[in-house]
Amino acid sequence: STVLVTGGTGFIAQHIIDRLLAKKYVVISTARSEAKYSPLLKSFQKKYPDAAVTYEIVADMTKDDAFDEVLKKHPEITYVLHTASPASLGYNLPLKDAYLTPAVNGTLNILKGIKKYAPQVTKVVITSSIVAMVQVGQDLSSTTINNTMWNPITWDQVENESDAYAASKTYAEKAARKFYEDEKPTYTLATVNPPLVVGPQVFDDLVPKELNSLNAMVNMVTQLPPSTEPQTFFPAISIDARDIAEFHVLAIENKKLADQRIAVAASQCIGQKFLNILNDNFPELDGKICKGDYASVDKLEEDLCPKFDFDNTLEMVGGYDFIPLETSVIDLFKQYFAKYG
Ligand code: NDP
C-alpha cells in the first residue's frame, strides 16, 4: 500500500516514515523545499535500498489547493498521515500566522483535497496532541487525562507562543472532526494525540543542534546551575518517538483504531527524572550538571505530574510494551553528545 505522510521533514514524521519503510509500505511524503528533504531522502534510500520513498514539495499548505497536485499525481495513495503543523517555538511571525492558520488550514486542505481528488483513500490519520486535550503548563497534578477531554482554550485567551501552539492544535483537531461530520467523506478519520515526545532522531548524522519540543527541554536540564533542591519543572507525561510513530502505523493497520482519538503515554516525567537518568548513565557529566534531589523523584511525580488513563486505546491494540523513558533519554543523549560533544 502507498501512504502519504505530510510534513515528512519533521522529527516524528521521520520515525513514521522509517517504520513504514521497514514494513515495506510505499511512502510519498511532502516537504516545504527540496533543501529540507534531500538529505533525508538520501538517508532513507541508503538505509532501505529497495524501498520506494519519494518527496513532493508543498511550499505553502495554507493555500486552498495546497495538496491537490500531489493527490492528483498519485492516485495510488490509499492512506494519509497528516503530521505537518507548526511545532516549534520562536517563529518571527504574528501568532495567528505562525500557528493557527497553518495548523487549521493545513488540516482542512488535506481533508478537502482527499475528498475531491482521492476517493480511493480509505484511512486518514491526523497528528493532534495532548495539548488538544489539556492545557500543559497549568497545574494538572490532580487531573487524570483521558481521550475524551478537550482543552477549553480559545484563541482570544492566547498570550504567548505555547498558548498559540495549544490553541492551534485544539482548533485543528476540532476543525477536522467537524469537517468529517459535515462532509461525511468515504475515508475513516483518526487522530493520534501524543503526549510529550522524546527520543533520538532517526539518523545520527542529521541530528540538529537545536532539538525540538520535549527533547529541547530535556537538553535544557543539562544547562541548569548546580542545586540540591528537587527539580520540579515541567511535570508532564511522555512517550518515545519510535512508539508514537508505531501508533501512527497501527492507526492504519488496526481496524479498531480507524475512527479513534488515539492517546497513549509511556510514563510521567519531570525535570528531576531527566537529571537522575543523566546522572545515572553519563558519568562524564559528573560535576558538570545539576543533581537536584535524587531521592525526591517518585514523590515529585506523584505530587505534580498528571495521571493518565489511556486503557481504551491499549485494549484495542491488545496491550503495548512501551520504550521506557530511561531508554529514550539515554538514546537521545548518546546520539546528541556523539555529534555535539
Ligand atoms: P517538527 O517541528 O520536527 O515537525 C513539524 C513538521 O511540520 C515539519 O515537517 C515541518 O516542516 C512541518 N511544518 C511546520 N510548520 C509548517 C507550516 N507552516 N507549513 C507546512 N509545514 C509545516 O515537530 P514534531 O515532529 O515534533 O511534530 C510533528 C507533529 O506532532 C505536529 O503535528 C505536532 O504538533 C505533533 N506533536 C508533537 C509533539 C512533540 O512532543 N514533539 C507532541 C504532540 C504532538 P519544516 O521541516 O519545513 O519546518
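Since every read-out is calculated from the coordinates, none of them should be taken as a lab result. Since this is a predicted model, take the numbers as computed values, not measurements. Cβ: placed from backbone, ideal geometry, glycine included. Neighbour counts: every protein chain shown.
Would you pull out the residues with amide H under 5 Å of residue 126's amide H, same chain only if 5 or more places away, H placed 1.01 Å from N?
Hits under the 5 Å cutoff: 82, 190, 191, 192.
Which of 222, 228, 127, 313 comes first, and how do the rest follow, when ranked by fewest Cβ neighbours within 10 Å? Write out the running numbers ahead of the final one.
On the way: 222 17, 228 9, 127 29, 313 22.
Listed from fewest to most nearby Cβ atoms, that is 228, 222, 313, 127.
Once you place label points 7 Å from the Cα toward the Cβ at residue 138 and residue 255, how far apart are they in nm?
Once both label points are built, they end up 3.9 nm from each other.
To make sure I understand, if each residue's beta carbon is the centre and we count other beta carbons within 10 Å, what order do 133, 220 fall in, fewest to most?
Details: 133 25, 220 14.
By the 10 Å Cβ count, ascending: 220, 133.
What relative contact order, as a whole-number percentage, does the chain give when Cα pairs under 8 Å and 6 or more residues apart are counted?
Across the chain, relative contact order equals 18 percent.
As an exercise, identify the trypsin sites (Lys or Arg not before Pro) in region 236-308 lying in DSSP coil whose Cβ has no more than 15 other Cβ atoms within 10 Å. Could the numbers behind the result be given before it?
Details: sites: 242, 255, 256, 261, 273, 288, 291, 299, 307; in loops: 288, 291.
Filter output for region 236-308: 288.
Evaluate the distance, in nm, between pseudo-label points positioned 7 Å from the Cα of residue 122 and of residue 150 along their respective Cα→Cβ axes.
Here the answer is 3.1 nm between the modelled labels.
Specify the angular offset, from 0 to 90 degrees and rounded to the nearest 10, of the alpha carbon long axis of helix 11-22 from the longest principal axis of the alpha carbons in the chain.
Long axis of 11-22 versus the principal axis of the chain: about 60 degrees.
Rank 306, 238, 31 by how far each Cα sits towards the positive end of the charge dipole of the chain (+1 on Lys, Arg Cβ; -1 on Asp, Glu Cβ) and give me just the farthest.
Of 306, 238, 31, it is 31.
Zone of residue 59 (label point 7 Å along Cα→Cβ, backbone N under 20 Å): which residues in region 11-53?
Of the residues in region 11-53, 29-39 have backbone N under 20 Å from the label point off residue 59.
Just subtract the alpha-carbon distance of residue 186 and residue 288 from 0.36 nm times their residue separation and send over the number in nm, one decimal. Mind showing how you got there, number by number?
Details: separation 102, 0.36 × 102 = 36.72 nm, distance 5.67 nm.
Result for the pair: 31.0 nm of gain on full extension.
Given +1 on the Cβ of Lys and Arg, -1 on the Cβ of Asp and Glu, and no further charges, what dipole in debye does the chain carry about its Cα centre, rounded to the nearest 20?
So the magnitude is around 1120 debye.
Tell me which residues come under 5 Å, amide H to amide H, from residue 143 once H is placed; ignore anything under 5 positions away on its chain.
For residue 143, whose amide H was placed from the backbone, the distant partners under 5 Å are 307.
Order 106-118, 25-37, 7-19 from most to least packed using the mean count of other Cβ atoms within 10 Å. Don't skip to the answer; put the middle values down first.
Numbers: 106-118: 22.2, 25-37: 18.6, 7-19: 24.2.
Descending packing order for the listed peptides: 7-19, 106-118, 25-37.
Run down the lysines and flag those whose C-alpha is under 27 Å from the C-alpha of residue 339, throwing out any fewer than 8 positions away in its chain.
Hits, sequence-local ones excluded: 36, 42, 46, 47, 209, 273, 288, 291.
Any chance you could check the Cα centroid distance between region 213-289 and region 15-82 for me, in angstrom?
Between the Cα centre of region 213-289 and that of region 15-82, the gap is 27 Å.
Arrange 233, 274, 322 by Cβ neighbour counts within 10 Å, fewest through most, would you? Provide the component values of the computation, followed by the final result.
Details: 233 14, 274 31, 322 19.
So the residues, fewest neighbours to most, are 233, 322, 274.
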